Amino acid sequence: MAGNLIARSIHDLSAAAWFGGALMGAIGLNGATAEAKDPTERTRLSSAGWMKWAPIQTAAFASHLVADLAIAWENKGRIAKQDGVARDTAIKTAVTVAGAAVTLYAGILGKKVEKLADQGSEGATEPRPGASDELKSAQEQLKLLQWAIPAFAAAVIILGAKHGEMQRPKNVFQGLRP
């Protein structure tokens with residue numbers, strides 16, 4: 001158990017925070033703010049909730065990256081020698097970076113929606129008839145991204161589980177390159 005227990009725990013917990021936070025935000029926070037009686041409060045409250053979550057999300061990403069690097073360093077020999085591990089590591093890295101970029105872009109769109117909150121909305125990601133093109137565009141994009149983000153996080157978790165399965169002794173021995 002020596003070596004990666006702390007790094008793997010941080011890796012998995014930070015990915016779980018990304019997944020759970022994104023899913024709760026899309027379903028719980030955005031869904032609940034649509035219930036606000038005042039249409040201008042809907043986007044304002046959603047934005048306030050997401051801004052409270054942003055520091056936790058940022059810390060989760062940073063700790064996930066550090067844990068990833070620690071795990072990769074500890075497994076550099078296996079990455080080089082076991083068939084499929086380098087490829088899967090590259091895929092997981094690409095999915096993580098793409099997911100982080102999508103999450104960051106959603107945050108930028110969220111700030112735009114927050115600035116336009118006085119226009120009101122049907123919900124956090126649903127514009128009202130007559131909303132400006134800028135608000136409509138940002139909300140329509142956020143409507144898609146709120147589901148893409150937990151999908152990226154889920155993919156990272158699944159790829160991490162695949163890496164774990166690849167470390168089972170029978171899989172290591174089968175995958176060793178001559």
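Observations, loosely collected:
- For the chain, relative contact order (Cα pairs under 8 Å, six or more residues apart, normalised by length) works out to 34 percent.
- Per-pair calculated FRET efficiency, R0 = 41 Å: Glu41 and Ala90 via Cβ, rounded to 0.05: 0.35
- Computed Rg/Rh of the stretch 95-163, alpha carbon atoms with Kirkwood Rh: 1.12
- Build a GNM of the chain with springs between Cα atoms under 10 Å apart, and of Asp12, Asp83, Asp133 the one that fluctuates most is Asp133.
- Annotation: Cα Rg of the stretch 1-47 relative to the compact-globule expectation 2.2 N^0.38 Å equals 1.78.
- Largest accessible area first, the listed residues Trp50, Trp18, Trp147, Trp73 line up as Trp73, Trp147, Trp50, Trp18 when surface is computed with a 1.4 Å probe on the assembled protein chains.
- Trp147-Ile6 FRET efficiency (beta carbon distance; Förster radius 25 Å; 0.05 resolution): 0.20
- With only the Cα atoms considered, the chain has a convex hull volume of 102 Å³ per residue.
- The stretch 1-101: proportion of alpha-carbon pairs further apart than 20 angstrom, %: 51 percent
- In this structure the amide hydrogen of Ser121, modeled in the peptide plane, comes within under 5 Å of the amide hydrogens of Thr40, Arg42, Thr43, none closer than 5 places in sequence on its chain.
- Summed side-chain charge close to Ala67 - residues other than Ala67 whose Cβ falls under 10 Å, Lys, Arg +1, Asp, Glu -1: -1
- Helical runs assigned H by DSSP (4 residues or longer) give the chain a calculated mean residue ellipticity at 222 nm of -26500 deg cm²/dmol, each run adding -39500 (n - 2.57) before division by the residue total.
The values are calculated or read from the model by the stated rules, or taken from the named source; none is laboratory data. Since this is a predicted model, take the numbers as computed values, not measurements. When we count neighbours, we look across all protein chains shown, and the Cβ atoms used for this are built from the backbone with ideal geometry, even at glycine. Side chains are part of the model used for accessible areas, which takes the heavy atoms of the whole protein and leaves out ligands, DNA and RNA. Shrake-Rupley method; radii C 1.70, N 1.55, O 1.52, S 1.80 Å.
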